[in-house]
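The values are calculated or read from the model by the stated rules, or taken from the named source; none is laboratory data. This is a predicted model, so every value here is computed, not measured. Don't worry about glycine lacking a Cβ; one is built from the backbone with ideal geometry, like all the others, and counts go over all protein chains shown.
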Amino acid sequence: MTGYDVDVLVAGAGPVGLTAAALLARSGVSVRLVDAAAAPATTSRALGSHARSLEIYDQLGILGEIAPHGTRINTFVMHRGGHPNRLDFDFGGLPTRFPYMFNVDQVIIERVLRGQGAAAGVAVEWNTGLDSFRQDEDAVTAVLRGPDGTEETMRARYLWGCDGGHSTVRKTLGLPLTGEPAHTWLIADALVHTDVDIDGVHWLFARGGTLMLFPFPEPGKWRLLDTTGEGQPDDPEQIARQFSAKLSRALGRDTVVERPSWASKFTIQQRAVPAMRLGRCFVSGDAAHVHSPASGQGLNTGIQDAYNLAWKLAMVVHGHADARLLDTYDAERVPIGQALLASTGEVMDTIMVDKADGTGGPAHSPR
Ligand SMILES: Cc1cc2nc3c(=O)[nH]c(=O)nc-3n(C[C@H](O)[C@H](O)[C@H](O)COP(=O)(O)OP(=O)(O)OC[C@H]3O[C@@H](n4cnc5c(N)ncnc54)[C@H](O)[C@@H]3O)c2cc1C
């Protein structure tokens, strides 16, 4: 079968698919961006954006829209026996105009990216899931399922799977997501009545586990993380009581946590694919690598995957480069996914309490 309806079909309109589609459309590539969900996600996820992502937002022209919604994080604060010990970040050696970590809610980043895509002519087609596909020499034939269950068969020169951890693209390509589950953590977003520094990430030791506090830009709002995984996320009052008690003990003073606006318990997976391209199909973001959120890398790395591939696809689609250029995506990004497993694994080990000694100290010293 020859011919195609569109240059690139992007499956998944999370931060990675949105970045991919916006960059392609700005380069004059025809794109369809479909998402199986009915609407954008509103749950809390990524908070931290790092220097390279900030550079990409800047190049996309959206940093100005994002910046008012975020705040800089300057320090890591380790609390021992009620005493804070500030370990100030120094990213001064990085060759970047943005040598800092910036906390901004993923919901905001996605909203701004959707605006960018729309301005370039790509609107998200919600309620439109990629059901199945096959590729031949000329294109990919994809079956999309619409809101009323109707099927549409379409052809795209390339298929870009940005469809998250349960990726249909990855599974259909038969790419294994190899690795292992790590720890189960409890996480919640809530107002906390505390006097700890709001420009820092806080690390506290509680018997049997570690607590972490990440500030939101909104006054008083924090993300709370408990590495013991104890608690019932569907019982917000219980979660509030549990965090209040544990934080009060760890800080050595009464600390009140209000009813969380969101709570979840999840098992961290440390996994990555061995290849990110097969023929005319690609995977990026969580579709290609999933890992602990402890070092805040998932969204950042996924956006950087998209940035790596978009200009190459545009060059090939426009006939300015040979299709062999696309091989460099896989060659450059697979090692990054693998390196992430190692670095996020190290961070996880560092923040976990050595349960064996039960004394409430870190398993390793912070780097
Ligand atoms: C609690 C938490 C905290 C985190 N903190 C950070 C952090 O501080 N920094 C950081 O960088 N990362 C963080 N992350 C990770 C970050 O949220 C993810 O890495 C990021 O969302 C991945 O983006 P994505 O676009 O690859 O996938 P997703 O955001 O999962 O988007 C995938 C999209 O694909 C759609 N989809 C799925 N299947 C199909 C299909 N068959 N057809 C069409 N559409 C489909 C889904 O509906 C979804 O919209 C955190 C995650 C969690 C859960």
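Among the residues that make up the stretch 84-101, is at least one of them touching a strand residue (DSSP E or B) at 6+ places or on another chain (Cβ under 9 Å) and β-branched (V, I, T)?
No; the residues of the stretch 84-101 include none that is touching a strand residue (DSSP E or B) at 6+ places or on another chain (Cβ under 9 Å) and β-branched (V, I, T).
Pairs please, first residue from the stretch 60-87 and touching a residue at least 12 places away in the same chain (Cβ under 8 Å), second anywhere and part of a helix (DSSP H, G or I) and among the small types (G, A, S), Cβ atoms under 7 Å, 6+ apart in sequence or on different chains.
L60/A22; H79/A250
Just a yes or no: is a residue in the stretch 121-133 within 25 Å of the chain's Cα centre (by Cα), within 10 Å of the ligand (Cβ to nearest atom), assigned to a loop (DSSP other than H, G, I, E, B) and among the β-branched types (V, I, T)?
yes
Given the conditions (1) surrounded by fewer than 18 Cβ atoms within 10 Å (Cβ to Cβ); (2) within 13 Å of the ligand (Cβ to nearest atom), and given that I187 satisfies all but one, which numbered condition is not satisfied?
(1)
What are the pairs with Cβ atoms under 6 angstrom where one residue, in the stretch 131-156, is farther than 17 Å from T168 by Cβ and the other, located anywhere, is part of a loop (DSSP other than H, G, I, E, B)? Sequence gap at least six, or different chains.
Pairs that qualify, where the first residue is farther than 17 Å from T168 by Cβ and the partner is part of a loop (DSSP other than H, G, I, E, B), are D138/T2; A139/Y4; P147/N127; R155/Y4; R155/D5; R155/A139.
Which of the following residues is over 22 Å from Q59 (Cα atoms) and surrounded by 13 or more Cβ atoms within 10 Å (Cβ to Cβ): N85, N127?
N127
Is there a residue being touching a residue at least 60 places away in the same chain (Cβ under 8 Å) and in a strand (DSSP E or B) anywhere in the stretch 240-254?
The answer is no, given that none of the residues of the stretch 240-254 is touching a residue at least 60 places away in the same chain (Cβ under 8 Å) and in a strand (DSSP E or B).
Just checking, does the stretch 280-291 include any residue being within 16 Å of the ligand (Cβ to nearest atom), touching a Lys or Arg at 6+ places or on another chain (Cβ under 8 Å) and assigned to a helix (DSSP H, G or I)?
yes
Could you identify the single residue in V192, V201 that is farther than 25 Å from S343 by Cβ, in a strand (DSSP E or B) and either in contact with a Ser or Thr (Cβ under 8 Å, 6 or more places away or on another chain) or not assigned by TED's automatic domain parsing to the domain that holds A275 (or both)?
Exactly one residue qualifies, and that residue is V192.
Is it the case, given these coordinates, that K265 is out of contact with any Phe, Trp or Tyr (no Cβ under 6 Å at 6 or more places or on another chain) and either surrounded by fewer than 20 Cβ atoms within 10 Å (Cβ to Cβ) or within 28 Å of I336 (Cα to Cα) (or both)?
Values: out of contact with any Phe, Trp or Tyr (no Cβ under 6 Å at 6 or more places or on another chain): yes; either surrounded by fewer than 20 Cβ atoms within 10 Å (Cβ to Cβ) or within 28 Å of I336 (Cα to Cα) (or both): yes.
The answer is yes for K265.
Going through the stretch 85-94 one residue at a time, which ones are assigned to a loop (DSSP other than H, G, I, E, B) and over 9 Å from A51 (Cβ atoms)?
F89, D90, G92, G93
Could you check the stretch 23-67 and list, in sequence order, the residues that are within 21 Å of T96 (Cα to Cα) and within 15 Å of the ligand (Cβ to nearest atom)?
L47, G48, S49, H50, A51, R52, S53, L54, E55, I56, Y57, I66
Hey, can you tell me all the residues within the stretch 305-320 that are of a type outside the set (F, W, Y) and either surrounded by fewer than 23 Cβ atoms within 10 Å (Cβ to Cβ) or at positive phi (or both)?
Those that are of a type outside the set (F, W, Y) and either surrounded by fewer than 23 Cβ atoms within 10 Å (Cβ to Cβ) or at positive phi (or both): N308, K312, A314, M315, V316, V317, H318, G319, H320.
Give me the pairs: first residue in the stretch 24-35 and farther than 14 Å from R145 by Cα, second residue in a loop (DSSP other than H, G, I, E, B) and within 15 Å of the ligand (Cβ to nearest atom), beta-carbon distance under 7 Å, and six or more apart or on different chains, which are they?
A25/V122; V31/V122
Counting only residues that are within 27 Å of R45 (Cβ to Cβ) and out of contact with any Gly (no Cβ under 8 Å at 6 or more places or on another chain), which one in the stretch 143-157 is surrounded by the fewest Cβ atoms within 10 Å (Cβ to Cβ)?
It comes out as P147.
Return the residues of the stretch 241-277 that are among the small types (G, A, S), over 21 Å from the mean Cα position of the chain (by Cα) and farther than 20 Å from I198 by Cα; say none if nothing qualifies. Quick ask: steps written out before the conclusion?
If we filter the stretch 241-277 for residues that are among the small types (G, A, S), which is where we start, we get 244-245, 248, 250, 252, 261, 263-264, 272, 275.
Of the ones still in play, those that are also over 21 Å from the mean Cα position of the chain (by Cα) are 244-245, 248, 250, 252.
Residue satisfying the conditions is A245 alone.
Which residue out of I268, I303 is at pLDDT 95 or above, of a type in the set (V, I, T) and within 12 Å of the ligand (Cβ to nearest atom)? Before you say what the answer is, go through the steps one by one.
On the way: I268 fails: at pLDDT 95 or above.
From the options I268, I303, the qualifying one is I303.
How many residues are outside any loop (DSSP other than H, G, I, E, B), crowded, with 21+ Cβ neighbours inside 10 Å, touching a Leu at 6+ places or on another chain (Cβ under 8 Å) and of a type outside the set (K, R) if we restrict to the stretch 17-68?
Summing the residues that are outside any loop (DSSP other than H, G, I, E, B), crowded, with 21+ Cβ neighbours inside 10 Å, touching a Leu at 6+ places or on another chain (Cβ under 8 Å) and of a type outside the set (K, R) in the stretch 17-68 gives 15.
Those residues that are in contact (Cβ under 8 Å) with a residue 24 or more places away in the chain and more than 15 Å from the ligand (Cβ to nearest atom), I need them from the stretch 212-223; list them, please.
Residue satisfying the conditions is G220 alone.
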